[in-house]
Structures are given as structure tokens and as C-alpha cells.
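These notes are about the structure you will find just below.
The values are calculated or read from the model by the stated rules, or taken from the named source; none is laboratory data. The structure presented is a predicted model; accordingly, all values stated were derived computationally and were not measured. All Cβ positions, glycine included, derive from the backbone under ideal geometry; neighbour counts span all protein chains shown.
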Amino acid sequence: MDLYDHNSIPRIVFSILSILLTLGPTIADFNKTHATHPDWIGHARFHVVWQVLGFYPIMVLNLIVLWIYIPEFYYPYQLYFWLIWYFGFLGTFIITIFSMPLFKGTLSDPGGRVPFKYTFGKKLKLLPGKNKHLPFRIKGQVKTYKVDENLHNMILPTIIVIITSIYFIVH
């Protein structure tokens, strides 16, 4: 088995994530909560549509890099390239969150998407809906935190990327 075949599981996982990270914003943003939100100015709508459409060529490039076979090529570079893209994508999201005070940004708007509510210190309940209960307390107390849907939706892919990367390194 050559290295191209050896890294097929990470390539499959990263391909699925590339597709989902493109389709997810399309579904989430091309509706009344974003692109056709009645209170958004036209220029903001333009930017959200442009941003979402910009994910498609990046997804295609990711799939090409992950799946093109080049004889005598060192195939971990495929995965390294994808990981650089993913953590760059995640990093710009985090930078944007921390820089929101500079441009009076918010994670959601009135009439927008409802945040998830995480309650720590209650019986485990993860599905269904947006109310999540985790069985451990914070500083001995039951606490509830609202988590923006965008942030919530970046947690699981990041965990999957980390686990897949560890799998690849170990095998």
C-alpha cells in the first residue's frame, strides 16, 4: 500500500467536511435570516452572498488537492494543505468574533437564528433541539450559556479534524 492509499480515510473525512462547510452556509444564509433579511441593507446582503459563493471554488480546490493522484508525490502534503486551509478558515472566524467591537458586529440579529443553550450540571441531553444539557457543573454550580449557532456548528467539525489528524499521525 502506498502513501496515497494509506491516507484515504483522512481524505474521505476532509472531503465530506469541505462539502458540508460549503453547503451549510448556503442553506443557513440564503434565506430570511441573512441574504433576504428585511432589515439588512443591500450592501450587507451583497457581502453575505459573495462570501457564501466564494466557498464553492475553495471546496473544489480542496477536493482536487485531496484526490488528484501524482506519481512520486509525498501525499501527506495533501492533508497538510487541507489542514492549513481548515485552521485558516477557523482562525478567521475566531479573529472576527474577537474583533466585533471594532465594527459593532454581532453573531445574530433580531429575527435571525436562535442560539443554542448549553446547561452545565444537569442530566445529559444532547438531542433533539437547541437545548443541550451536560452532566458536569462549572465551579460547583448549574450554569446556562447561550452559544451562537455559527460557533456551535464549528465545534463538531473541529473535533472531527483533530481526531482524524491524530488517527493519520498514529497510523
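Brief remarks on what is shown
- The stretch 114-148: number of residues that are out of contact with any Leu (no Cβ under 9 Å at 6 or more places or on another chain) and either in a loop (DSSP other than H, G, I, E, B) or without any contact (Cβ under 8 Å) to a residue 12 or more places away in the chain (or both): 11
- Taken together, L90, L134, L102, L156 contain a single residue that is touching a strand residue (DSSP E or B) at 6+ places or on another chain (Cβ under 9 Å) and among the aliphatic types (A, V, I, L, M), which is L134.
- Filter pass, N7 being at pLDDT 90 or above and either surrounded by 13 or more Cβ atoms within 10 Å (Cβ to Cβ) or among the small types (G, A, S) (or both): no
- Within the stretch 19-37, the residues that satisfy the criterion of being in contact (Cβ under 8 Å) with a residue 24 or more places away in the chain and more than 15 Å from the chain's Cα centre (by Cα) are K32, T33, H34, H37.
- Residue within the stretch 150-157 that is assigned to a loop (DSSP other than H, G, I, E, B) and touching a Lys or Arg at 6+ places or on another chain (Cβ under 9 Å) present: no
- Hits in the stretch 27-67 - residues which are over 23 Å from R11 (Cβ atoms), in a helix (DSSP H, G or I) and of a type in the set (S, T, N, Q): Q51
- Qualifying residue in the stretch 65-78 (condition: in contact with an Asp or Glu (Cβ under 9 Å, 6 or more places away or on another chain), charged (D, E, K, R) and modelled with pLDDT under 90): no
- Residue check, W50 under 26 Å from P115 (Cβ atoms), of a type in the set (A, V, I, L, M, F, W, C) and at pLDDT 95 or above: yes
- Search result, residues across the stretch 92-113 that are free of Cβ contacts under 8 Å to residues at least 40 places away in the same chain, part of a helix (DSSP H, G or I) and either polar (S, T, N, Q) or surrounded by 11 or more Cβ atoms within 10 Å (Cβ to Cβ) (or both): T92, I94, T96, M100
- Qualifying residue in the stretch 38-49 (condition: over 22 Å from the mean Cα position of the chain (by Cα), loosely packed, with under 13 Cβ neighbours inside 10 Å and on the phi > 0 side of the Ramachandran plot): no
- Looking across the stretch 68-84, the residues that are among the aliphatic types (A, V, I, L, M) and outside any loop (DSSP other than H, G, I, E, B) come down to L79, L83, I84.
- Sole residue being of a type in the set (K, R) and within 18 Å of the chain's Cα centre (by Cα), chosen from K104, K130: K130
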